[in-house]
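Participant: Input: one structure, supplied below.
The values are calculated or read from the model by the stated rules, or taken from the named source; none is laboratory data. Just so you know, these numbers come straight off a predicted model, no measurement behind them. Please note: Cβ atoms are built from the backbone with ideal geometry, for glycine as well, and neighbour counts cover all protein chains shown. The protein model used for the area step is the full one, side chains on, heavy atoms only, and it has no ligands, DNA or RNA in it. Shrake-Rupley method; radii C 1.70, N 1.55, O 1.52, S 1.80 Å.
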Amino acid sequence: MTFNGILQIALFFGVLLLTVKPMGLFMARVFTGERTFLSPVFGPVERGLYRLFGVREDEDMKWTTYAFAMLAFSVMGLFLTYILLRLQGVLPLNPQGYGPKQMTPDLAFNTAVSFTTNTNWQSYAPDYTLSYFSNMVALAPHNWMSAATGIAVALALVRGFARRSAEGIGNFWVDATRAILYVLLPISLFYALILVQQGVPQNFAEYTKAATLEGASQTIGQGPVASQEAIKMLGTNGGGFFNANSAHPYENPTPLTNFLEMLSIFLIPAALTYTFGKMVGNVRQGWALLGAMSVMFLVGTFVCYGFEAAGNPQVQALGVPGGNYEGKEVRFGIANSALFAAITTAASCGAVNSMHDSFTPIGGLIPLFNIMSGEVIFGGVGAGLYGMLMFAILAVFIAGLMVGRTPEYLGKKIEQYEVKMAMLATLVLAASILGGTALGANLNLPKEPESTFATKLNQFPGTAYGSSSDTFYGATYNNVNNSGPHGLTEILYAYTSATGNNGSAFAGITANTPFYNVTLGLAMLIGRFLMIIPLLAIAGSLAAKKLVPASAGTFPTDTGTFVLLLIGVVLIVGALTYLPALALGPIVEQFQMSGGKLF
Amino acid sequence: MLRQLRPALMSVLAFTIITGLFFPFAITGISQVLFPKQARGSLIEQNGKIIGSELIGQTFAQPGYFHSRPSAAGGGYDAGASSGSNLGPTSSKLIKGIEDDPATKDADESYSGIPQLAVAYRKENNLAADASVPADAVTRSASGLDPEISPENAALQAPRVAAARKLGEDAVRKLVDENTAGRTLGLFGEPRVNVVLLNLALDKAAPDSKPKPAASPAP
Amino acid sequence: MATVLDKPSSPVTPPSAGGGRGGQFRPKNAPSSLFDPKIIKRAVLESFVKLDPRTVAKNPVMFVVEVGSVLTTFYWVRELVTKTGNPLFTGQVALWLWFTVLFANFAEAMAEGRGKAQADSLRKAKTQSTARRLVGNKEESVPGTALRKDDLIVCEAGEVIAGDGVVVEGIASVDESAITGESAPVIRESGGDRDAVTGGTKVLSDRIVIRITANPGESFLDRMISLVEGAKRQKTPNEIALSILLAGLTVIFLLAVVTLLPYAVYSVRAAGSGVAPSVTVLVALLVCLIPTTIGGLLSAIGIAGMDRVMQHNVLAMSGKAVEAAGDVNTLLLDKTGTITLGNRQAAEFLPLPGVTVEELANAAQLSSLADETPEGRSIVVLAKEKYGLRGRELAAHEAEFIPFTAQTRMSGVNIDGMEVRKGATDSVKKFVQEKGGRIPTELDEITTRIASAGGTPLAVSLNDKVLGIIYLKDVVKGGMRERFDALRAMGIKTVMITGDNPLTAKAIADEAGVDDFLAQATPEDKMALIKKEQAGGKLVAMTGDGTNDAPALAQADVGVAMNSGTQAAKEAGNMVDLDSNPTKLIEVVEIGKQLLMTRGALTTFSIANDVAKYFAIIPAMFLATYAELGSINFLKLGPGGTSSSAESAILACVIFNALIIIALIPLALRGIAYKPISAAATLRRNLLIYGFGGLVAPFPAIWIIDRFLVLLRLA
């Protein structure tokens, strides 16, 4: 670790904190329907959209309706994307002529699910799979819509706390529309232009054919990168325009863009804690959540940075001193790579500016554990807040018992229904991660594509499968790029990332196979909707409750004790669930690395 | 409940059009006017021909050029297939490398791990067999397209380039310095040398010693 | 073992409130010791009976353990028969898993044991009774069980009352010790609020006629028996929520352990050494991880909580009521008898201008001679002590006593042509004015002054002249201020309910230190106050005894009826205080809180334990596959450490896991130490003791057990 490295991390965090209050306040105004300086511009558009959708702005939804609207919105988008992806061959803006051969049914399913669920896991390399149209029209809109969905769900849950004896938890269409129009659109507009100024391309040209200085030919991928890059970060989506994602010099050309990209990942998740505090009438409550997130984030970041800076002794023994540079870009160095990795996994972004797969074991454990925490350390836009509130409910439940009262959070009694729903969400996520990894680590599928099982997977969900390389079949654990514990970590990371709706990867794994596409697709659906639906149920149940006034007997949830307790619950739930898997993955690998064991 | 289906359909269509078409076209339009060069990929034109992009690294093998980092993108600096090596810290392939199996004559299984890259680097640059090598010189970048190397790496290559070009080392060092970017605002990122721009500057400064294009272009 | 946990928490011993007939807080129904050998013996037997899977299935955590026990026993037998594997190890794991279930059963049986012992003695009271039923004018002897609602029975001195009922005729002193444990007899009489009698109690004097109000099986005694036995115990809301949490954790650990096998298979393949863990090892790991400590003690904690309430001679109709008591935000307390001593006492005579103190004292004493109320007696005494006026023998005079009525709100005496009256100022004023008398302005001044000082003014008149005022003073019980301060620290607001006027009420409220008061309260006002508090999301507790309290008792979240009160009140409340001591509510609140705290603390402890168990088991389990895991083998258990195999480490954890249940039974039964401090402070304290303690404690304990196992060559 260098002084400059620590300073960069501190500066990043300092600037982030400065944005929290203004941004949070602005969002609180937007989502409670107050006028903002943007109202003159977007007000008419907003009302026009409501007319088009056929919704009334003042209609309040019960949680079931809200959940149904959210699901309908997502499913509709999912279908549209699936169809557009499969049809990319006949659609415009396809200078490279990519078609269904590249975008197979299972990959289209995986990709459509991935973008709908704000995961942006990419089983494919976009550089040689996707047309500009697919990137721009089939996928990029989900960067907006899934982010808006996340914000909407978080708001619904916040209203559950803020309202008393109420039936409804808000209007999904209004929340989502406002999120896109007032929050995402204006920021993305300026952000994208700054990115272009810094060197991020924005064109519809064919891939450039260049003759290099040494006379070789080089094909340089182009496209409308900046417009997608901006929302990809701001909406914590993370789906790269290029395979190398934010490590690609066209996606992230300078330290300045890198700083902005990191900041924009955390901008909304951090500010939403303030919005939450504002809406429940006590901003200290929001700061407490932010405090818990910050502590976990900073500790993780410095552990990751520390191990990356310490480097790999095996490499150092070869006369290459210093930190671990494998899979890192020179312009970012180790500090910015570790910081970016911690940010992108703490928030469920998943964009990467370095290859997590090549991190040192503990350096790579941090991103993995950040996701395993349930994506609550800032988390995805909206998703982080509602995930953290779920943990707060569990923390308050245990704390409440310990102080001898029926637990309450923000004046709402936490009873069996809330505990049941919170446990359900926790359980389903654990099942998806652990179960998926167990399959991936051991399944030996029939090697021949003709055999029945593979054929079935092959044809899922319908039309014929394009390419057939038999490396896609056989033992699923052979799809990893590394052997030994690191290989297990690659599989574990894949299911963790999918379930946590993160989207980053230990990218050595070959995930573009029917098996991984389908199972990871299901993991993403489970991780998204089986988390959201129980939480909306909690929102509905909370909204209907009376408010218990606070007294000395109420245990305060805006203090350091609570922050520590919340951190404890997040860490312990994560650690207890995943420690066995982690012990056989990164933990043992760390000692093997020091001991010089190779695979 | 079913009343929500119409808004679902209409909103998906409307937002797809707004964010998937209007927005990128608007950004494209504005940026083509404001920042035309960057919007087109910061391409470098020489004699009417595009020779690359300022932002995308290239493979340099000849001693008269500064060499980029090793690359895992396609066959090396394939800007249509960006990628890192994705090899982990206990990967034998990374830490030891793989030697060609003489049994299979048609296939080349060899893979340059860090030791092979380090040996080659030392040899190229006339370094002692146990000399320390800058980490960036023997590790593959995340994108495989990293256009930059560390100033330390450039400094070690400077004597070789100077010798090959028959230039004074100071002149080469001066060019290196000119093409070195410090930390943004003295704080952000790392100091770095853009290899493509540096080599272009070399060609401009000493056009006579410009290495001949390789007979068989790298893949 | 964490020494912090062994510190026995003393039973709740709040400062004595003094006064009232309770005044004593020593649990009366408690067996002499927590571990009565008789109870232990019965509990040991019960623990085996409770192995019935249908019983265990009610507790998902323990059910998993039992399934694990069966599974490992099966493997043990198979290994013995086929002579494969390691039957010594498998057998020990199976044994300790069975112990784990048995220990949990034992904890529950211990908690139930005390109630059962008590139920037995109550049953005795019930079976002994025969009744003299009135049919028309004739009496017939029938067994107590034959009595039906609305039967009339007669009870005379020395007889046991055969069923619950109300006294319709007569007055008697009754020994209720069979139910309340209180040996001093109480008076039961027809009419008014002291007409309820309970089956199983004994008439000591006189004869009463009772109308039976409960059919057999529904009587108070029956309910009490089933309550103390816990026969119809329903889980409380928080208990259910906690059970859900524990079940959820169990499933998570099940997932973690079940998926560990495929990960192990992968790892063994990758490393090319070691073997994947056996089913026995996985079962052992699972049982160590799932929250068996709290799972095994959960129902014991609940039963013991109810039992503690019972020891305070409060009969809670449901565990829910006890739990609700812990949540109470507002406590409505009747002034009289709860905050103040039951009776006001004359403190001073305040004559009007032109009247001497002696004149006033004399008239006051005269008017009170026949007044047998405590207030009346205190007036006579004050006059005697301060002014040397001796009580006179009234028989010598021609005296006519005017009793107090609700209409006149005065009492007095007509003696030797003099009309002496005392009563509420307004009433006396009216009486004097009717006689044509004049009312001095000072009268109202004095009245207001006394009222505002918290006293009760009683005006005294002689014929058409008002003489002055008797200052009756409420006497606040000792120690009340401290108790209210403690309640405030816990976040509970106390509201004093009184029929007094606002000025008087305020003065007493200030003196006693309550937060608020409701003056001139009618039952409707009380009801409205409860509803208002509840509308604000608060939980309200109150005590009451009269029939007119019944609706409010029913409305309140915690309604404690006095056993001395009417049947209606007892039916409406969800607790009955057998001592009829209204201050008891405070103890009940504390027990309710303690109950929840014990659950929370043990849950935290149980979960915190898992960290240590992971560190003990996982490295030991995989050392053969990945020798590098030795680096996190802090306890140095398993191969290369304390023994040649991972088995001692696993066994040590299983044994620790079972023994900790036994070790914590006293804590579960007594409840964790309780202090009236703020919630934030309580949390910090409990987190430190049970959270941090739970994290650290198992390390040395497991290490020691492991050493023993190795030493004894058991693993």
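Participant: Taking segment A:354-381, which residues are in a loop (DSSP other than H, G, I, E, B) and more than 14 Å from chain B (Cβ to nearest Cβ)?
Facilitator: Within segment A:354-381, A:S373, A:G374, A:E375, A:V376, A:I377, A:F378, A:G379, A:G380, A:V381 qualify.
Participant: Can you confirm whether segment C:517-539 contains a residue that is hydrophobic (A, V, I, L, M, F, W, C), in contact with an Asp or Glu (Cβ under 7 Å, 6 or more places away or on another chain) and more than 16 Å from C:T340 (Cβ to Cβ)?
Facilitator: For segment C:517-539, residues hydrophobic (A, V, I, L, M, F, W, C), in contact with an Asp or Glu (Cβ under 7 Å, 6 or more places away or on another chain) and more than 16 Å from C:T340 (Cβ to Cβ): present.
Participant: Right, another one. Just to check your reading of the model, which residue among A:V225, A:V303, A:V299 is open to solvent by less than 10 Å² (accessible area, probe 1.4 Å) and over 20 Å from A:A152 (Cα atoms)?
Facilitator: Going through A:V225, A:V303, A:V299 in turn, just one is open to solvent by less than 10 Å² (accessible area, probe 1.4 Å) and over 20 Å from A:A152 (Cα atoms): A:V225.
Let's see how each residue does on (1) modelled with pLDDT of 55 or more; (2) assigned to a helix (DSSP H, G or I):
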site	(1), (2)
A:V428	yes, yes
A:S432	yes, yes
A:G435	yes, yes
A:G440	yes, yes
A:K447	yes, no
A:L457	no, yes
A:G462	no, no
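Participant: Cβ-Cβ under 9 Å, sequence separation 6+ or interchain: first residue in segment A:502-523 and under 16 Å from A:I433 (Cβ atoms), partner open to solvent by 20 Å² or more (accessible area, probe 1.4 Å) and among the β-branched types (V, I, T). Which pairs?
Facilitator: From residues that are under 16 Å from A:I433 (Cβ atoms), the pairs are A:F506/A:V480; A:I509/A:V480; A:Y516/A:T510.
Participant: Mind checking which pairs have a first residue in segment A:292-305 that is more than 20 Å from A:N324 (Cα to Cα) and a second that is open to solvent by less than 10 Å² (accessible area, probe 1.4 Å), Cβ under 6 Å, 6 or more apart or different chains?
Facilitator: A:A292/A:L566; A:M293/A:I377; A:M293/A:F378; A:M296/A:I377; A:F297/A:A346; A:F297/A:I377
Participant: Picking from A:F599, A:F555, A:F591, which residue would you name as being part of a helix (DSSP H, G or I) and touching a Gly at 6+ places or on another chain (Cβ under 9 Å)?
Facilitator: Only one candidate passes the filter, namely A:F591.
Participant: Which fully enclosed helices (runs of 4 or more DSSP H) of segment A:88-198 have 2 or more residues being away from chain B (no Cβ under 12 Å) and not hydrophobic (A, V, I, L, M, F, W, C)?
Facilitator: A:105-116, A:140-162
Participant: Next question. Taking only segment B:34-68 into account, find how many residues are within 7 Å of chain A (Cβ to nearest Cβ), part of a loop (DSSP other than H, G, I, E, B) and not aromatic (F, W, Y).
Facilitator: Of the residues in that region, 9 qualify.
Participant: Can you find a residue that is within 12 Å of another protein chain (Cβ to nearest Cβ), open to solvent by 10 Å² or more (accessible area, probe 1.4 Å) and not acidic (D, E) anywhere in segment A:267-282?
Facilitator: No, there is no match, as no residue in segment A:267-282 is within 12 Å of another protein chain (Cβ to nearest Cβ), open to solvent by 10 Å² or more (accessible area, probe 1.4 Å) and not acidic (D, E).
Participant: Considering only residues that are within 16 Å of A:A108 (Cα to Cα) and among the hydrophobic types (A, V, I, L, M, F, W, C), which ones fall in segment A:136-157?
Facilitator: A:M136, A:V137, A:A138, A:L139, A:A140
Participant: Sticking with this structure for a sec: Could you list, in sequence order, all residues of segment B:181-196 that are at the interface with chain A (Cβ under 9 Å from one of its Cβ atoms), surrounded by 18 or more Cβ atoms within 10 Å (Cβ to Cβ) and not in a loop (DSSP other than H, G, I, E, B)?
Facilitator: B:F188, B:R192, B:V193, B:V196
Participant: Any idea which residue in segment C:604-638 is farthest from A:L576 (Cα to Cα), counting only those that are among the β-branched types (V, I, T) and out of contact with any Pro (no Cβ under 7 Å at 6 or more places or on another chain)?
Facilitator: Only one residue fits best here, namely C:T625.
Participant: Among the residues in segment B:137-149, are any in a helix (DSSP H, G or I), at negative phi and surrounded by 23 or more Cβ atoms within 10 Å (Cβ to Cβ)?
Facilitator: yes
Participant: Okay, moving on. Quick check on my filter: what residues within segment C:102-142 are more than 25 Å from the chain's Cα centre (by Cα), closer than 26 Å to C:T280 by Cβ and without any contact (Cβ under 8 Å) to a residue 60 or more places away in the chain?
Facilitator: Matches in segment C:102-142: C:L102 only.
Participant: From the residues in segment B:103-120 that are among the aliphatic types (A, V, I, L, M), free of Cβ contacts under 8 Å to residues at least 24 places away in the same chain and not in a loop (DSSP other than H, G, I, E, B), which one is farthest from the other protein chains (Cβ to nearest Cβ)?
Facilitator: B:A120
Participant: Turning to a different aspect of this structure: Only one of C:L245, C:L254, C:L260 is open to solvent by less than 30 Å² (accessible area, probe 1.4 Å) and over 36 Å from the mean Cα position of the chain (by Cα); which?
Facilitator: Only one candidate qualifies: C:L260.
Per-residue answers, yes or no, for (1) in a helix (DSSP H, G or I); (2) at pLDDT 95 or above; (3) open to solvent by less than 50 Å² (accessible area, probe 1.4 Å):
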site	(1), (2), (3)
B:R122	yes, yes, yes
B:A128	no, no, no
B:A131	no, no, yes
B:L167	no, no, no
B:L198	yes, yes, yes
B:D208	yes, no, no
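Participant: Here's a follow-up. Restricting to segment A:549-575, name every residue that is within 7 Å of chain C (Cβ to nearest Cβ) and open to solvent by less than 10 Å² (accessible area, probe 1.4 Å).
Facilitator: Residue satisfying the conditions is A:G553 alone.
Participant: Of the conditions (1) on the phi > 0 side of the Ramachandran plot; (2) open to solvent by 60 Å² or more (accessible area, probe 1.4 Å), C:G491 clears all except one; give me its number.
Facilitator: (2)
Participant: Residue check, A:L584 against (1) facing chain C (nearest Cβ under 7 Å); (2) farther than 25 Å from A:L427 by Cβ; (3) in a helix (DSSP H, G or I), all met but one. Which one?
Facilitator: So A:L584 meets the others, but not (2).
Participant: Looking only at segment A:307-335, which residues are facing chain B (nearest Cβ under 7 Å), in a helix (DSSP H, G or I) and open to solvent by less than 10 Å² (accessible area, probe 1.4 Å)?
Facilitator: A:G333
Participant: Also: From the list C:A701, C:A624, C:A658, C:A668, pick out the single residue that is more than 9 Å from chain A (Cβ to nearest Cβ), within 21 Å of C:G91 (Cβ to Cβ) and either part of a helix (DSSP H, G or I) or open to solvent by 50 Å² or more (accessible area, probe 1.4 Å) (or both).
Facilitator: C:A658
Participant: If you go through segment C:519-536 one residue at a time, how many are without any contact (Cβ under 8 Å) to a residue 24 or more places away in the chain and either over 24 Å from the mean Cα position of the chain (by Cα) or open to solvent by less than 10 Å² (accessible area, probe 1.4 Å) (or both)?
Facilitator: Residues in segment C:519-536 being without any contact (Cβ under 8 Å) to a residue 24 or more places away in the chain and either over 24 Å from the mean Cα position of the chain (by Cα) or open to solvent by less than 10 Å² (accessible area, probe 1.4 Å) (or both): 9 in total.
Participant: Quick one: what pairs do we get from segment C:472-495, first residue closer than 19 Å to C:I530 by Cβ and part of a loop (DSSP other than H, G, I, E, B), second among the hydrophobic types (A, V, I, L, M, F, W, C) and open to solvent by 20 Å² or more (accessible area, probe 1.4 Å), C-beta under 8 Å, 6+ apart or different chains?
Facilitator: Going by the 8 Å Cβ cut-off, the qualifying pairs are C:G491/A:A552.
Participant: So, in segment A:222-242, how many residues would count as being within 8 Å of another protein chain (Cβ to nearest Cβ) and either on the phi > 0 side of the Ramachandran plot or modelled with pLDDT under 90 (or both)?
Facilitator: Number of matching residues: 0.
Participant: Further question: Kindly establish whether A:T476 is within 11 Å of another protein chain (Cβ to nearest Cβ) and modelled with pLDDT under 85.
Facilitator: yes
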